[in-house]
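Written below as structure tokens is the structure these notes are about.
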Amino acid sequence: MTVDEEFSSNGGYKITSSVNAVEKLIEYNRDVRGIDDTKVENEDTKKESSKQKQQKQPPKLATSTYTAPSLISLGRRENSTSPSNFVTAFWVCPVGAGRSRFMSAAVGKTPFSIPRWMVHINLNNFLDQDTFLLLGQHRSVLKREAEGYLQMRDDETTSNDVRKSTYVYRSPSEKLPVRLGQFFDATLARVPNRREGVLAWYNKNVYNHKLLEPWPQREQVLDRYEQHTKVCPDSMDVVKRCEKVIKTSRTIGFALLFMRMISASTGSSFMPTSRIPIISTIQQGVSRFAASLLLNRVFYSTFGLTYLLHTVASRIKKEFFFKFNGELHRKDIKYIAKNWKDL
């Protein structure tokens, strides 16, 4: 892994971390974890010719770039300076002491445009895995930063080195977080109103004993509707569309069942015939249409389609509300522990 830092003439700062984008888990499983990957090796043998062609070309670089003050971008490139065909960008914008607004964008050369709401579903699933953990670190990190400011003189604007004794980095791949920590240590104390805001947060929470309060529940922290859906026009639009599909499919389904029950009890006639010719003709047409709907093949096909639409719309709608409960969290932890076991 290589890490490059850049300081521009206008005071800007950028740091880029690059590593070869190659498959590492197969060799790791075989050499370190002692797992027999016979099936994988057989598949590799079948694809040996294609892999040999790929090996002739140098692997792409997986790059992570932080551009001060709030942009993080990820992408794969031919080299450190070449453009990427697909870039994922995140903006973490501070809005107060210990608070930020998270925004993202995916930019790439694709043959078609992916609906934004589909990207939002995938992003929310990703964020739910880490947000509750970050909340658990929130109080401790701000408390340690405030204690560092308390040890500094009021007129002192040097670095706040409390992070060095707070974080411990063990993996060689954590070179980027180490450099970011050094950058924040050297700059946070000079950010306008940063020290005052953190100390105000510290005094408020220490004197009111709020640091000892229990954490908010998952339902509150991971409430997608409050934090994302209602402030995102694309997500709100798809939720409203799903609600219309749910109501319409439910109405059609109940109407089909009702007509089926009436047909079974009264025969093929659904309504009394009228003596007025026009009304009688309309009634006969409606009766024939309803009778055709109630044929077994047509009925079950129509009812199945409405049920499918109702189910799909309901599941899409649920993605924009609270989802990542304790049960899903435990399943996720088991999956991580199975694929990334501690040595």
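The values are calculated or read from the model by the stated rules, or taken from the named source; none is laboratory data. None of the values given here were measured: they were computed from a predicted structure. Positions of Cβ are generated from backbone atoms using ideal geometry, with glycine treated the same way; all protein chains shown enter the neighbour counts. These accessible areas exclude ligands, DNA and RNA; they are computed on the full protein's heavy atoms, side chains included. Shrake-Rupley method; radii C 1.70, N 1.55, O 1.52, S 1.80 Å.
Our coupling estimate for segment 207-220, obtained by passing each phi through the Karplus curve with A = 6.51, B = -1.76, C = 1.60 and θ = phi - 60°, is 6, 8, 6, 7, 5, 9, 6, x, 5, x, 6, 4, 4, 8 Hz, Gly and Pro reported as x. Look at where the Cα atoms of segment 107-128 and of segment 188-214 average out, and the two centres are 36 Å apart.
Output the direction-averaged projected area (hull surface divided by four) of the convex hull of the alpha-carbon atoms of segment 56-192, in nm².
Working: hull surface 45.6 nm².
With the hull built on Cα positions only, its mean projection is 11.4 nm².
Which Cα, out of Tyr225, Val239, His209, lies furthest along the positive dipole direction of segment 202-262 (beta carbon charges, K/R +1, D/E -1)? Positive-end residue among those listed: Val239. A cut-off of 5 Å between modelled amide H atoms, ignoring neighbours fewer than 5 places along the same chain, links Arg101 with Cys93, Val95. Annotation: amide H-H contacts under 5 Å for Lys60 (H modelled 1.01 Å from N, sequence separation of 5 or more, or interchain): Ala21.
Taking a 24 Å limit on the Cα-Cα distance, which of the listed pairs Lys175/Lys334; Lys14/Lys323; Lys164/Lys331; Lys244/Lys318 fall beyond it? Check vs 24 Å cut-off fails for Lys175/Lys334; Lys14/Lys323; Lys164/Lys331.
Note down the relative contact order for segment 106-240 as a percent, whole number, built from C-alpha pairs under 8 angstrom at least six residues apart.
Values: 62 pairs, mean separation 43.5, N = 135.
Relative CO of segment 106-240 lands at 32 percent.
Using Cβ point charges alone (K and R +1, D and E -1), the dipole size of segment 137-254 about the Cα centre works out to roughly 460 debye.
With θ taken as phi - 60° and the Karplus curve 6.51 cos²θ - 1.76 cosθ + 1.60 applied, the whole-hertz 3J(HN,Hα) list for segment 114-130 is 7, x, 4, 5, 5, 5, 5, 4, 5, 5, 5, 4, 5, 5, 4, 6, 10 Hz, x standing for glycine and proline.
With every protein chain kept in the model, how would you rank Val141, Val95 by accessible area, 1.4 Å probe, largest at the top?
Highest to lowest solvent-accessible surface, that is Val95, Val141.
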